[in-house]
2 protein chains.
Amino acid sequence: MKKEQRTEISSLGEFGLIDRLTKDISLKNTSSIKGIGDDAAIIQAEKRQVITTDILIEGIHFDLVYTPLKHLGYKSVIVNLSDVYAMNATPKQILVSIAISNRFSVEAIEEIYEGIELACNKYNVDLVGGDTTASPKGLVINVVAIGEQEKEKIVTRNTAKEGDLLCVSGDLGAAYMGLTILQREKQVFLNAPDANIELAGDNYIVGRQLKPEARKDIVDFFAEQQIVPTSMIDVSDGLSSEILHICKQSNVGCQLNEEAVPIASETYNKALEFGIDPINCALSGGEDYELLFTILPSDRSKVKQHPDISIIGEILDENLGVKLFTKGGNYHDIISLGWNSLKEGD
Amino acid sequence: MKKEQRTEISSLGEFGLIDRLTKDISLKNTSSIKGIGDDAAIIQAEKRQVITTDILIEGIHFDLVYTPLKHLGYKSVIVNLSDVYAMNATPKQILVSIAISNRFSVEAIEEIYEGIELACNKYNVDLVGGDTTASPKGLVINVVAIGEQEKEKIVTRNTAKEGDLLCVSGDLGAAYMGLTILQREKQVFLNAPDANIELAGDNYIVGRQLKPEARKDIVDFFAEQQIVPTSMIDVSDGLSSEILHICKQSNVGCQLNEEAVPIASETYNKALEFGIDPINCALSGGEDYELLFTILPSDRSKVKQHPDISIIGEILDENLGVKLFTKGGNYHDIISLGWNSLKEGD
């Protein structure tokens, strides 16, 4: 909210606000027949569709003390696109509902929309509808994303088979360490508002928390290489939680090799500085928005070419359980300690 | 929250709660390929689709002092189905995001879901996805509805033509009077918790507020009679606001005949009792969820057969403006005083 002008939302009303926020939006995809401005958007799907929704609540999913509004808008879209990519599909449309209290100005809402439109442009997605309303307190953003893929290429969580290789894109745990740093700096700021906030040097991990990306490039790589993963999920609640989802729904076991889990050096060092075992950032931290997937062993050589995909384990018979094989040569059961906004103590 | 048992949400966690809430859900529509349980739902659309979303916020859209949770769940679905019917389409799927504070028990959330499932069963719609999360305070429900219709039969707001007849289903203003009564009784209750709440005799209007229905029957009637309205919108913000949407987007004028506007006798009498001009309940009250539409003059005789459709005016040239022709024989400009959660003073 750096801009100096402050226009009260009440001076525009719902329809005036929607007009102002959406005046520059044009539709990019041929399947988007009609966007904002009627009782509903109109879509002509060309393939089978996938549809997902996520709700972000101030005080639960984000803290405006350290989250710029533009980043928040961007991230609210990304977390949904990530779910679409996790189905091996291409996102085409989003709808956005925003509830806002009158402590926000029109300019503040415009910053959120700038982030939303930035994500739409980068990922070639159309904003086709939504809802804008008042909130007595706090900010709520609900995003719906719709994607498309041919029937045979949609990938679900429940189709991993014994012998498949377990893979993950990118690196894990950085978003969690980024959040840890932001929360520490918030405390410093609250205790001494004039103190210098030290985020320099932590750009990578803080960026992973505040401005994540969805792995469009990995889904594009699958298409180019004619790979169809045997199962896939996005890593939003921590690696442990996602592996357990795949194994439980596919009725299989798994061995995860600690040594193979990709952790960026920035994450690793920062974890040690905070006295956290780096592997736990990957296993139980959330919001990485990487893709966790299984492939046929025959696709190993294709996947090995890709510098940003790691083979981290193997799918086993269900009776062998879901195990972490540690660097020390021990086996531990993988249990879910993932980020979970409803669990006790979180 | 009449049930005696109280299970804390934190004792189940997000996935446990979702499992419990969705265990009895089965898919009814052939276009619903996969529902809850993956990163996204999968849909195989058979026709062109329409998609809409509405967010309901505690303290803005509903007051739990007089709104039973089951009714709230039901209504949150209905308001979205109404938007789908307003496109002359048939709803097929919904997704529901709920954010809840820990003042709610699992049993309370189950009551909301009972209402959601009741609406799904009545309107033959599948609940295929959603999100469930914590809220620091208050209850938020976001519903997305997806419907289908042949390309040629989808009806938008911007296609009314001079000479078309303006029609509305059902009667108007009752939901607004229902809300007025509930707010009065809430005040009585807050001032004297032991006082008798007098709602008997007002069942119709209170029911229109707490448990509205969507006009599936009208869209079915159009199909049977081979009527395709020339434009359509649902009445959620009051008749004035909706007429202005049609006229503005279609670049036409309109004459609305006060005498023809359908107002139930219960609404009429209650409005007089509260010192409100009954026509204003219809023009500016909201949440009727009736369908406002225009038809070709040649469809007049078909529409006249239907006991629950009123012809309330005529579409005119744009230069003639948007006018109310009063019972007293005067013309007034129609201006939007509709319910608008973001406008000043509302």
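For this structure, a couple of remarks:
- Search result, residues across region B:95-117 that are of a type in the set (S, T, N, Q) and free of Cβ contacts under 8 Å to residues at least 40 places away in the same chain: B:SER101
- Qualifying residue in region A:50-67 (condition: aliphatic (A, V, I, L, M), assigned by TED's automatic domain parsing to the domain that holds A:TYR85 and without any contact (Cβ under 8 Å) to a residue 60 or more places away in the chain): no
- Candidates A:GLY130, A:GLY170, A:GLY147: the one that is under 30 Å from A:ALA260 (Cα atoms) and either of a type outside the set (S, T, N, Q) or open to solvent by 10 Å² or more (accessible area, probe 1.4 Å) (or both) is A:GLY170.
- Just one of (1) in a loop (DSSP other than H, G, I, E, B); (2) touching a His at 6+ places or on another chain (Cβ under 8 Å); (3) hydroxyl-bearing (Ser, Thr, Tyr) fails for A:THR156. It is (2).
- Residues located in region A:252-285, provided they are surrounded by 17 or more Cβ atoms within 10 Å (Cβ to Cβ) and aliphatic (A, V, I, L, M): A:VAL252, A:LEU256, A:VAL261, A:ILE263, A:ALA264, A:ALA271, A:ILE276, A:ILE279, A:ALA282, A:LEU283
- Among residues of region B:241-278 being of a type in the set (A, V, I, L, M, F, W, C) and more than 22 Å from B:ASP308 (Cβ to Cβ), the one that is nearest to the chain's Cα centre (by Cα) is B:LEU244.
- Of the set (1) within 17 Å of the chain's Cα centre (by Cα); (2) closer than 27 Å to A:ASN102 by Cβ, all apply to A:PRO193 but (1).
- In region A:106-125, the residues that are open to solvent by less than 30 Å² (accessible area, probe 1.4 Å) and under 18 Å from A:SER82 (Cβ atoms): A:GLY115, A:ILE116, A:ALA119, A:CYS120, A:TYR123, A:VAL125
- Scanning region A:84-112 for residues that are in a helix (DSSP H, G or I) and more than 18 Å from the chain's Cα centre (by Cα) turns up A:VAL106, A:GLU107, A:ALA108, A:ILE109, A:GLU110, A:GLU111.
Yes/no per residue for (1) modelled with pLDDT under 95; (2) in contact with a helix residue (DSSP H, G or I) (Cβ under 8 Å, 6 or more places away or on another chain):
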{"residue": "B:THR267", "(1), (2)": "no, yes"}
{"residue": "B:SER284", "(1), (2)": "yes, yes"}
{"residue": "B:TYR289", "(1), (2)": "no, yes"}
{"residue": "B:LYS304", "(1), (2)": "no, no"}
{"residue": "B:ILE315", "(1), (2)": "no, yes"}
{"residue": "B:ASN330", "(1), (2)": "no, no"}
{"residue": "B:ILE335", "(1), (2)": "yes, yes"}
{"residue": "B:SER341", "(1), (2)": "yes, yes"}
{"residue": "B:GLU344", "(1), (2)": "yes, yes"}
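- Residues within region B:202-212 that are open to solvent by less than 50 Å² (accessible area, probe 1.4 Å) and not hydrophobic (A, V, I, L, M, F, W, C), tallied: 5
- Criterion applied to B:GLU290, B:GLU266, B:GLU273 was being assigned by TED's automatic domain parsing to the domain that holds B:ILE246, more than 22 Å from B:PRO229 (Cβ to Cβ) and touching a Gly at 6+ places or on another chain (Cβ under 9 Å), and the one residue passing it is B:GLU266.
- Residue that is nearest to the other protein chains (Cβ to nearest Cβ), among those in region A:30-54 that are open to solvent by 60 Å² or more (accessible area, probe 1.4 Å) and of a type in the set (A, V, I, L, M, F, W, C): A:ILE33
- Sole residue being more than 8 Å from chain A (Cβ to nearest Cβ), farther than 15 Å from B:ALA119 by Cβ and either open to solvent by 10 Å² or more (accessible area, probe 1.4 Å) or free of Cβ contacts under 8 Å to residues at least 60 places away in the same chain (or both), chosen from B:LEU12, B:LEU27: B:LEU27
- Test: residue in region B:218-239 that is open to solvent by 40 Å² or more (accessible area, probe 1.4 Å), within 22 Å of B:LEU283 (Cα to Cα) and not in a strand (DSSP E or B): no
- Considering region B:88-105, and only residues there that are more than 9 Å from chain A (Cβ to nearest Cβ) and among the β-branched types (Val, Ile, Thr), the residue that is surrounded by the fewest Cβ atoms within 10 Å (Cβ to Cβ) turns out to be B:THR90.
- For region B:55-75, filtering for residues that are open to solvent by less than 30 Å² (accessible area, probe 1.4 Å), in contact with a Ser or Thr (Cβ under 9 Å, 6 or more places away or on another chain) and small (Gly, Ala, Ser) leaves 0.
- Meets criteria (out of contact with any Leu (no Cβ under 9 Å at 6 or more places or on another chain), at positive phi and not acidic (Asp, Glu)) for A:ASN251: yes
- Region B:150-164 - residue that is open to solvent by less than 10 Å² (accessible area, probe 1.4 Å) and of a type in the set (A, V, I, L, M) and, of those, farthest from the other protein chains (Cβ to nearest Cβ): B:ALA160
- Here A:GLU46 fulfils each of the conditions (1) more than 15 Å from the chain's Cα centre (by Cα); (2) within 22 Å of B:GLU58 (Cβ to Cβ); (3) of a type in the set (Asp, Glu) apart from (2).
- Sole exception among (1) at pLDDT 95 or above; (2) within 7 Å of another protein chain (Cβ to nearest Cβ) for A:ASP131, by number: (1)
- The residues listed here are A:GLU114, A:GLU150; of these, the one that is acidic (Asp, Glu) and within 23 Å of B:ARG48 (Cβ to Cβ) is A:GLU150.
- Residue identified as within 30 Å of A:ILE218 (Cβ to Cβ) and assigned by TED's automatic domain parsing to the domain that holds A:GLY130 among A:LYS34, A:LYS70: A:LYS70
The values are calculated or read from the model by the stated rules, or taken from the named source; none is laboratory data. Just so it is clear, the model here is predicted, and its values are computed rather than measured. Note: ideal-geometry Cβ built from the backbone for every residue, glycine included; neighbour counts use all protein chains shown. Each accessible area value is taken on the protein alone, full model and side chains, heavy atoms only, with ligands, DNA and RNA left out. Shrake-Rupley method; radii C 1.70, N 1.55, O 1.52, S 1.80 Å.
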